[in-house]
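Student: Below: one structure in structure tokens.
The values are calculated or read from the model by the stated rules, or taken from the named source; none is laboratory data. On a predicted model such as this, the values are computed, not experimentally measured, just so you know. Glycine gets a Cβ as well: all are built from the backbone with ideal geometry, and neighbour counts include every protein chain shown. When the accessible area is computed, the model is the full protein with side chains, heavy atoms only, and any ligands, DNA or RNA have been set aside. Shrake-Rupley method; radii C 1.70, N 1.55, O 1.52, S 1.80 Å.
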Amino acid sequence: QVQLVESGGGLVQAGGSLRLSCAASGRTFSVSIMGWFRQAPGKEREFVAAISWSGGDTYYIPSVKGRFTISKDNAKNTVYLQMDSLKPEDTAAYYCAAGAIGRDVRFGRYDYWGQGTQVTVSA
């Protein structure tokens, strides 16, 4: 099993920044991809970004590319999501996930999930 604990959410004004962290523990040697997802009220969970655990390849959805940056610290088993130029439509609960990478970083089987952290962006 892999345990994931997110932190760093909060309330920020539009145009502001937040950095989310996700610390992994347990059988982390089995993880080859980590990602961030988000779910806004009344909407389905949406993939946001992913990073391969070994090579560091990254992938973003178009709506966050250029504003969000996913990174990792292998020594700390931690992945980060730096969110800049935040917009009200970024408001959601953000979830960290870990699992096995597919053909490339765009594809992954996410078996482990964190509890989520709320991000609220005011206009």
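Student: Every residue in region 78-99 that is open to solvent by 10 Å² or more (accessible area, probe 1.4 Å) and either touching a Phe, Trp or Tyr at 6+ places or on another chain (Cβ under 8 Å) or at pLDDT below 95 (or both), please.
Tutor: Passing the criteria: 82, 84, 95.
Student: Since residue 51 meets every condition but one in (1) open to solvent by 30 Å² or more (accessible area, probe 1.4 Å); (2) among the hydrophobic types (A, V, I, L, M, F, W, C); (3) out of contact with any Leu (no Cβ under 9 Å at 6 or more places or on another chain), which condition does it not meet?
Tutor: (1)
Student: Restricting the search to region 12-36, which residues are of a type outside the set (Gly, Ala, Ser) and outside any strand (DSSP E or B)?
Tutor: Within region 12-36, 27, 28, 29, 31 meet the criteria.
Student: Under 8 Å by Cβ, and 6 or more places apart or on different chains, what pairs join a residue from region 37-62 that is at positive phi with one that is assigned to a strand (DSSP E or B) and surrounded by 15 or more Cβ atoms within 10 Å (Cβ to Cβ)?
Tutor: So the pair list comes out as 56/72.
Student: Might you check whether a residue that is part of a strand (DSSP E or B), touching a Gly at 6+ places or on another chain (Cβ under 8 Å), surrounded by 14 or more Cβ atoms within 10 Å (Cβ to Cβ) and hydrophobic (A, V, I, L, M, F, W, C) occurs anywhere in region 102-114?
Tutor: no
Student: Any chance region 37-57 includes a residue that's among the acidic types (Asp, Glu) and in a loop (DSSP other than H, G, I, E, B)?
Tutor: yes
Student: Could we say that residue 5 is assigned to a strand (DSSP E or B), of a type in the set (A, V, I, L, M), farther than 14 Å from residue 116 by Cα and touching a residue at least 60 places away in the same chain (Cβ under 8 Å) here?
Tutor: No: the conditions fail for residue 5.
Student: Right, something else. Is region 13-32 home to any residue that is open to solvent by 60 Å² or more (accessible area, probe 1.4 Å), touching a Gly at 6+ places or on another chain (Cβ under 6 Å), closer than 25 Å to residue 123 by Cβ and touching a residue at least 12 places away in the same chain (Cβ under 8 Å)?
Tutor: Among the residues of region 13-32, at least one is open to solvent by 60 Å² or more (accessible area, probe 1.4 Å), touching a Gly at 6+ places or on another chain (Cβ under 6 Å), closer than 25 Å to residue 123 by Cβ and touching a residue at least 12 places away in the same chain (Cβ under 8 Å), which makes the answer yes.
Student: Name the single residue that is farthest from residue 97 (Cα to Cα) among those in region 35-49 being more than 14 Å from the chain's Cα centre (by Cα) and among the charged types (D, E, K, R).
Tutor: In this case the residue turns out to be 43.
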